[in-house]
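Report on the structure given below.
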Amino acid sequence: RHTRYISVTGVQTCALPIFRAKWRVFHSFDGPTQYHAAFIGGVKLPLANASSAPALGSGSTDFIGGATISRDGLRYYLWTSALVRINGEAFGRKLGNQYRYDAAFGFRPWIPKYTGIDPLFVLEFNGLTAGRTIVNRAVQAPTGGTILAISPGFWLTRRNWALQGAVKLPIYQNLRGNRPAFDYTFVLKIETHM
């Protein structure tokens, strides 16, 4: 389940191909409770059109790295992760690097049967700090900053299908330049694993 957590709160970029891999370096059992630790690596390829209006991609090759640890139990789940995205330069433009840090607590109100619906309620803390964008070697003032948010959500899983939903609510924003603050974000997701 910690894999799904990373996919939900990890680096997400619309319409761009991001390839990621996770190497689990620690896995331990204590009865029904499992403990995990893993490293994450990835790359974003510049395959989307960067010259269209609006651009569908940055045109750069970007690299992702990080780590995650988790405790998965029958009733309670705990996760934490940290990711960095090092953005490359293309067309004289380099987006600021991004640092993401997340933690989550999950609670299962009842233990389901193996073939039944498995409910999990989750409360996440999400943080994002972005550096400033550089265009033609000039730092762009109204870019970068930090956003902290809490995200209550749920997972409903039955066998290899899952319905996930969450609302991200900013609790702290320090954005550089005269930019409007971010509002809430709602995510609803259906997953299946073959």
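Only one of these conditions is not met by Ser81: (1) open to solvent by less than 50 Å² (accessible area, probe 1.4 Å); (2) part of a loop (DSSP other than H, G, I, E, B); (3) polar (S, T, N, Q). Which number is it?
It is condition (2) that Ser81 fails.
Residues that are closer than 28 Å to Leu156 by Cβ, in contact (Cβ under 8 Å) with a residue 60 or more places away in the chain and surrounded by 17 or more Cβ atoms within 10 Å (Cβ to Cβ): does region 51-71 have at least one?
Yes: region 51-71 contains one or more residues that are closer than 28 Å to Leu156 by Cβ, in contact (Cβ under 8 Å) with a residue 60 or more places away in the chain and surrounded by 17 or more Cβ atoms within 10 Å (Cβ to Cβ).
Criterion first (farther than 30 Å from Thr115 by Cα and not small (Gly, Ala, Ser)) does Thr157 satisfy it?
Answer is no for this residue.
I'd like to know if region 93-105 contains one or more residues that are within 30 Å of His36 (Cβ to Cβ), open to solvent by less than 20 Å² (accessible area, probe 1.4 Å), modelled with pLDDT of 90 or more and not in a strand (DSSP E or B).
The answer is no, given that none of the residues of region 93-105 is within 30 Å of His36 (Cβ to Cβ), open to solvent by less than 20 Å² (accessible area, probe 1.4 Å), modelled with pLDDT of 90 or more and not in a strand (DSSP E or B).
Just name the residue that is surrounded by the most Cβ atoms within 10 Å (Cβ to Cβ) out of those in region 134-165 that are in contact with an Asp or Glu (Cβ under 6 Å, 6 or more places away or on another chain) and not aliphatic (A, V, I, L, M).
Applying the filter and picking the extreme gives Ser151.
Check Phe154, Phe186, Phe182 and return the single one that is aromatic (Phe, Trp, Tyr) and either at positive phi or outside any strand (DSSP E or B) (or both).
Phe182
May I ask you to list the residues in region 116-149 that are at positive phi and outside any strand (DSSP E or B)?
Once the filter is applied, which keeps residues that are at positive phi and outside any strand (DSSP E or B), region 116-149 yields Asn136, Arg137, Gly144.
Among all residue pairs at least 6 apart or on different chains, which show Cβ distances below 6 Å where the first residue, located in region 79-93, is more than 30 Å from Leu120 (Cα to Cα) and the second is among the hydrophobic types (A, V, I, L, M, F, W, C) and crowded, with 21+ Cβ neighbours inside 10 Å?
Within 6 Å, the pairs are Asn87/Leu95.
The values are calculated or read from the model by the stated rules, or taken from the named source; none is laboratory data. Note that the structure is a prediction, hence the values are computed from the model and not measured. Methodologically, a virtual Cβ is constructed for each residue, glycine included, from the backbone with ideal geometry; neighbour enumeration extends over all protein chains shown. Ligands, DNA and RNA are stripped out before the accessible areas are found, and what is left, the full protein with its side chains, is counted by its heavy atoms. Shrake-Rupley method; radii C 1.70, N 1.55, O 1.52, S 1.80 Å.
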